[in-house]
Every structure is written in structure tokens, then in C-alpha cells.
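K.L.:
Input: one structure, supplied below.
Any read-out appearing in this document is the output of simple, stated calculations on the displayed coordinates, not a laboratory observation. A quick note: this is a predicted structure, and the numbers were derived from the prediction, not measured. Counting neighbours? That spans all protein chains shown, and the Cβs are built from the backbone with ideal geometry, glycine included.
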Amino acid sequence: MNGQRGFTMVEMLVALLIGLFLLGGLFTVVQDNRRSFSSQNQLSQLQDAERLAMTIMTDVIQTAGYFPDPTLNTAASALPAVGASLNAGQGMTGAGTYTAAAPGDSITVRYATNSGDGILNCTGASNTSGAVAAYTNVFSVINGQLVCTLNGVAYPLVGAVTGTPNAIIVNSLNVLYGINSSGANTSVNEYVDATGVANWSNVISVQLTLTFQNPLWSATNQGQGNQPQYLSFQRVIGVMNQTGI
């Protein structure tokens, strides 16, 4: 009777080595998929933050200078002067806030609304006070966050405090103002920074550029495909009381 034969030690070691190679390949695929999912998730969060920020700022800037019921109110009565920064009836200013370096500019927008008219401020709330209420919205970037200061109270809108791991960080907000240099009509022929605006009541549109830290970039790892350090998003917003839109 022939003796039974099993695997030799060499055959077992070869099989084990092949198995280890296969497991290594599987782990590599899993890790690549995890990194890809994480990258896509971070970019999706960045896009969501950009859309939210631009939507809020668009809604507010479009309404600059608005006041309800012109048979009872005037721009000057609904939006009284505030020191030297805002004249009576003035709905927008960026004076004194322009800077080319991060965190960039700030823009102040104000308007008055009737109770229950549904016009939103930068927090997403509307006037339910039972009377006419004025809102002053100031957009700026503070320590990695886009912040709206509403009637003196600061509300972070998007972004996280600079240095927060794996967070969406806002780098800067830059604002240009569309004007007609001849003052003849509401057709924009020039975009200027805040220092170039002679009359804030003549601003026809606003060009916003919001810049974020690229979540796929780091100082030690430049990210996939030689990623840029910053990603910028731009939008042009018409001021409704100028354009009639």
C-alpha cells in the first residue's frame, strides 16, 4: 500500500507567499478606495459650503437698500445714518475694508423689511416682529470662517476655525463693485474695489470671489495631481434697486 503524500514545506511556503501578495494587493486597493472616498467627500463638503455661502450673500446683496411701502417710508427714514460709515438711505458700503491680502475685504449691506414679508437676513430668518425692522449684514472672513455680523452679532456661516484638522477653511473674501463711470445708466462698464467707489448709491452689481483652502493640499503632501493650495469661486450679483431685476 502506497504511503499518503501531503504538501511539502516548500509548497506550503510558496502558497503562503502567494497569499500574502494577494492580501497586500487587496489592502492596497482598499486603502486607495478609502483615500478616494475621503477626497471626494471633502470636495463635496467644499462645494456645499461654497453654494451655501454664495446663496446667502446673493440673497442679501440683491436686497441692498430695500425698504417697504414707499407711501409711508423713505429710504432715509427706513435706513437712517450710522455715524460716518453709512449715510441716510445708503444700503451698501465696503469703505475702509479693502485689502488685497487674506482674509480680504468685508461688505456691509442693509435694508428694512415689513413684518411677515418673508425677506431673509443672513441668518436665514425673516422679520416677525410686527413692525418694520432694519437689518445690517456685514460679511467678512474671520479665522478661517465666513462670518455674517447681523446688527452687531456675529454668526459663522461656513468654514471652521483655522487649524481644525480635515475641515473646510475659508481663506479670503474679495469684493469688486460694478459701476457706470459716466453715471448715465445702469449698465456696468467698470469693476472697482471699495477705494474706487465714489457714490455707494450708484453700485449696480457686486462681484464676489470666495477662496477656500484646498482640502486635498497640505504643506507636506501636495495632494493628488499636484493640487493648488487654494480654490476660488466667483459670482456677480445684481443690486435689485439698481437693475430692477
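K.L.:
Could you pull out every one of the strands (runs of 3 or more DSSP E) wholly within segment 126-245 that has 1 or more residues that are free of Cβ contacts under 8 Å to residues at least 12 places away in the same chain, more than 20 Å from Y98 (Cα to Cα) and of a type outside the set (F, W, Y)? Walk me through how you get there before you give the answer.
P.N.:
Values: elements: 133-142, 145-150, 153-159, 170-179, 190-192, 205-213, 230-238.
Passing ranges, in order: 153-159.
K.L.:
Ok, one more. Quick one: in segment 139-181, of everything that is farther than 12 Å from Q213 by Cβ and among the small types (G, A, S), which residue is surrounded by the fewest Cβ atoms within 10 Å (Cβ to Cβ)?
P.N.:
By that ranking, first place goes to G152.
K.L.:
Follow-up. Looking only at residues that are surrounded by 22 or more Cβ atoms within 10 Å (Cβ to Cβ) and more than 16 Å from S205 (Cα to Cα) in segment 57-100, which one is farthest from the chain's Cα centre (by Cα)?
P.N.:
So the residue we want is A78.
K.L.:
With respect to the numbered conditions (1) in a loop (DSSP other than H, G, I, E, B); (2) under 25 Å from N171 (Cα atoms), which one is the sole condition not fulfilled by Y66?
P.N.:
Failed condition: (2).
K.L.:
Please pick out the residue among T209, T164, T186 that is touching a helix residue (DSSP H, G or I) at 6+ places or on another chain (Cβ under 7 Å) and not aromatic (F, W, Y). Outline the logic, then answer.
P.N.:
Working: T209 fails: touching a helix residue (DSSP H, G or I) at 6+ places or on another chain (Cβ under 7 Å); T164 fails: touching a helix residue (DSSP H, G or I) at 6+ places or on another chain (Cβ under 7 Å).
Result: T186 is the single residue among T209, T164, T186 that is touching a helix residue (DSSP H, G or I) at 6+ places or on another chain (Cβ under 7 Å) and not aromatic (F, W, Y).
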